[in-house]
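Taking it in order: structure first as structure tokens, then the write-up.
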Amino acid sequence: AQSVTQPDIHITVSEGASLELRCNYSYGATPYLFWYVQSPGQGLQLLLKYFSGDTLVQGIKGFEAEFKRSQSSFNLRKPSVHWSDAAEYFCAVAGVTGRRALTFGSGTRLQVQP
Amino acid sequence: EAQVTQNPRYLITVTGKKLTVTCSQNMNHEYMSWYRQDPGLGLRQIYYSMNVEVTDKGDVPEGYKVSRKEKRNFPLILESPSPNQTSLYFCASSPTGNEQYFGPGTRLTVT
């Protein structure tokens, strides 16, 4: 069964600092990988996705993520965090066959200090 | 504007009173899903649909029903709600079944 682990429940960074959110997945083959962001009281917005090809993917709002097959990781990065980035971030994996479902990690809450 | 809409956004009801949460998408997507989000448990899929009249169970289908009579609509039905169905519910649609686009959520409280 596929699974996703986000080891950091809560992260605090200063505005302007760089950010890396960790995500490890478990799946038998190369899965489809996603990062979503959820602002308080809002739905989930797709930040970026990886299906195949270039292992460094660019997303919206200046985010990028790198797929590392050897480490089963798909970490999210941003070079300079803005106060508006404070939100909860979810990594998700989808199988390439079978039931169409996203398996989500438990989320990382990002707090941005001025 | 391409979007997934859900109604109502907030609902407080009592145990056993049937309710329906509507979901509609205007992107002509084949796939639609329902998820629930609970603290500490993340998001879990309830039901999904690959096309009109084609639905199947997700991870936590007990106590829920769905139907897909039209491509754009995918209502979630709770025939006899119970307090353990108090949760935040999200509808999602997808063109391929992979990346999914979520609605704004429905916060349901069952007393």
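The values are calculated or read from the model by the stated rules, or taken from the named source; none is laboratory data. Predicted model, so just to flag it, every value in this text is computed and none were measured. Here the Cβ positions follow ideal geometry from the backbone for every residue, glycine too, while neighbour counts run over all protein chains shown.
Values as computed for the structure displayed
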quantity	calculated
Near pairs, Cβ below 7 angstrom, 6+ apart or cross-chain, from the range A:1-12 (closer than 16 Å to residue A:88 by Cβ) to any residue that is of a type in the set (Phe, Trp, Tyr)	A:4/A:25; A:4/A:104
Test: residue in the range B:61-84 that is at pLDDT 95 or above, assigned to a loop (DSSP other than H, G, I, E, B) and within 12 Å of chain A (Cβ to nearest Cβ)	yes
Members of the range A:9-33 that are modelled with pLDDT under 95 and not hydroxyl-bearing (Ser, Thr, Tyr)	A:9, A:28, A:29, A:31, A:33
Answer from A:67, A:63 - the residue that is surrounded by 16 or more Cβ atoms within 10 Å (Cβ to Cβ) and touching a Lys or Arg at 6+ places or on another chain (Cβ under 8 Å)	A:63
Sole residue being surrounded by fewer than 19 Cβ atoms within 10 Å (Cβ to Cβ), at the interface with chain B (Cβ under 10 Å from one of its Cβ atoms) and among the polar types (S, T, N, Q), chosen from A:106, A:80, A:84	A:106
Listing of strands (runs of 3 or more DSSP E) fully contained in the range B:5-58 that carry 3 or more residues being without any contact (Cβ under 8 Å) to a residue 24 or more places away in the chain, surrounded by 13 or more Cβ atoms within 10 Å (Cβ to Cβ) and more than 15 Å from the chain's Cα centre (by Cα)	none
Cβ-Cβ under 7 Å pairs, at least 6 apart or on other chains, the range A:16-41 side away from every other protein chain (no Cβ under 13 Å), far side acidic (Asp, Glu)	A:21/A:8; A:22/A:8
Residue tally, condition out of contact with any Gly (no Cβ under 8 Å at 6 or more places or on another chain), within 9 Å of chain A (Cβ to nearest Cβ) and small (Gly, Ala, Ser), over the range B:85-111	2
